[in-house]
Amino acid sequence: MRHLNYNHLLYFHTVANEGSVASAARVLNITPQTISGQIKLLEESLGQALFVKVGRGLVISETGQLVKEFSDEIFSLGDALKQRLRQEPDHPSQTLRVGILDSIPKLIAGKLLADSVSGEIENPVRLDCREGNLESLLAELAVHKLDLILSDRPIPSGLHVKAFNHALGTSDIGFYSPPRWAKKLKAGFPDSMAGVPMLLPNASSALRRSLDHWFDEVELEPNVVAEFDDSALMKTFGDIALGIYPAPEVIAADIATKHHGVYIGTAQGIRESYVIISPQRRVRHPLVRKITSVGQTLFST
């Protein structure tokens, strides 16, 4: 196989996206004959047909679909490079633009990002963190405004977006109590939580739905005194002894140190998964690779 000609690939990519040679010719401002000739050269280089004739039109072949997937990624990376150079042509530091799902515990996000960018003295890292729901963050990722998304769930199957999931790991969900309640609550967990003031995520969150199902299984009627969109705010209210609350066990030590919460028991059967969502199937950004490595180490301990 000869070396790949990226001009030929561009012509193929445009035809595949536009749906016809004529439409691609208008977009590229060249003749249809030129495009057809260049695609033929690309097919000869690859040794396989990229389109098949159906009636008077062209339909992309199975090989063509595979080539399109790779060309989507290639030209997406090129667009991202141009945008990055326009934004920071002479900036000596690296900028990592991170989308953080609003349901991700801040302690987990902090550990992943702080451990990943610390120690970068010769090539300092500037973090640009944005919080939001998954759909809005995926939209920003699609137009290269983000380098990655930290999420507690993979990309929904119904969303047609060019992005990929990279698993970090999972954590059990535990309950945490103000210190003066902890001994009594540990002894008879989970029945001991009956009637005790409880802080929970809001009803629309995936974790809340899992917890409600678990409460039914263990026949516990929670005494909910407050609900939260923000998990950090929930822990702050727990710190002032407003109630007990759930959180991932992977950050139990941090909860004890920063919020004085004492682990009292595990909600058996409930686990949260954490993933990085990136625009590439194969992670190339060195800082994204480092975050992935830090996360996999964090969730394996």
Quiz prompt | Matching residues, the range 12-41, being part of a helix (DSSP H, G or I), closer than 18 Å to residue 62 by Cα and under 34 Å from the mean Cα position of the chain (by Cα) | solution = 12, 13, 14, 15, 16, 17, 18
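Those residues that are in a helix (DSSP H, G or I) and surrounded by fewer than 18 Cβ atoms within 10 Å (Cβ to Cβ), I need them from the range 255-264; list them, please.
At the first step, the residues of the range 255-264 found to be in a helix (DSSP H, G or I) are 255-259.
The answer is 256, 257, 258.
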Practice problem: Mind telling me which of the residues 30, 108, 39 ends up being of a type in the set (Val, Ile, Thr), touching a Pro at 6+ places or on another chain (Cβ under 9 Å) and at pLDDT 75 or above? | Solution: 108
Quiz item: Which ones in the range 228-254 are touching a helix residue (DSSP H, G or I) at 6+ places or on another chain (Cβ under 8 Å) and closer than 16 Å to residue 198 by Cβ?
Solution: 228, 231, 235, 236, 238, 239, 241, 243, 244, 245, 246, 247
Quiz item: Regarding residue 96, is this residue closer than 22 Å to residue 276 by Cβ, at pLDDT 85 or above and buried (at least 16 other Cβ atoms within 10 Å of the Cβ)?
Solution: no
Quiz item: Quick check: anything in the range 266-273 acidic (Asp, Glu), farther than 24 Å from residue 125 by Cα and crowded, with 18+ Cβ neighbours inside 10 Å?
Solution: yes
Quiz prompt | Members of the range 219-242 found to be surrounded by 13 or more Cβ atoms within 10 Å (Cβ to Cβ) and over 32 Å from the mean Cα position of the chain (by Cα), listed by number | solution = 220, 223, 241, 242
Quiz item: Can you pull out the residues in the range 40-56 that are touching a His at 6+ places or on another chain (Cβ under 7 Å) and under 9 Å from residue 12 (Cα atoms)?
Solution: 42
Practice problem: From (1) hydrophobic (A, V, I, L, M, F, W, C); (2) more than 21 Å from residue 102 (Cα to Cα); (3) without any contact (Cβ under 8 Å) to a residue 60 or more places away in the chain, pick out the condition that doesn't hold for residue 200. | Solution: (2)
Quiz item: Is the range 250-271 home to any residue that is in contact with a strand residue (DSSP E or B) (Cβ under 6 Å, 6 or more places away or on another chain), at negative phi, acidic (Asp, Glu) and assigned by TED's automatic domain parsing to the domain that holds residue 211?
Solution: no
Quiz item: Under 7 Å by Cβ, and 6 or more places apart or on different chains, what pairs join a residue from the range 239-252 that is farther than 19 Å from residue 211 by Cα and of a type outside the set (A, V, I, L, M, F, W, C) with one that is at pLDDT 90 or above and surrounded by fewer than 24 Cβ atoms within 10 Å (Cβ to Cβ)?
Solution: 239/259; 239/260
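Among the residues of the range 9-26, write down those that are more than 20 Å from residue 73 (Cα to Cα) and free of Cβ contacts under 8 Å to residues at least 24 places away in the same chain. Give the steps one after another, and end with the answer.
First pass over the range 9-26, keeping only residues more than 20 Å from residue 73 (Cα to Cα): 20-23, 25-26.
If the condition is that a residue be more than 20 Å from residue 73 (Cα to Cα) and free of Cβ contacts under 8 Å to residues at least 24 places away in the same chain, then 22, 23, 25, 26 are the ones that fit.
Hey, among 196, 143, which residue is β-branched (Val, Ile, Thr) and assigned by TED's automatic domain parsing to the domain that holds residue 218?
Step by step, each of 196, 143 is checked, and only 196 is β-branched (Val, Ile, Thr) and assigned by TED's automatic domain parsing to the domain that holds residue 218.
The values are calculated or read from the model by the stated rules, or taken from the named source; none is laboratory data. Everything numeric here is computed off the predicted structure, so don't read it as measured data. Counting neighbours? That spans all protein chains shown, and the Cβs are built from the backbone with ideal geometry, glycine included.
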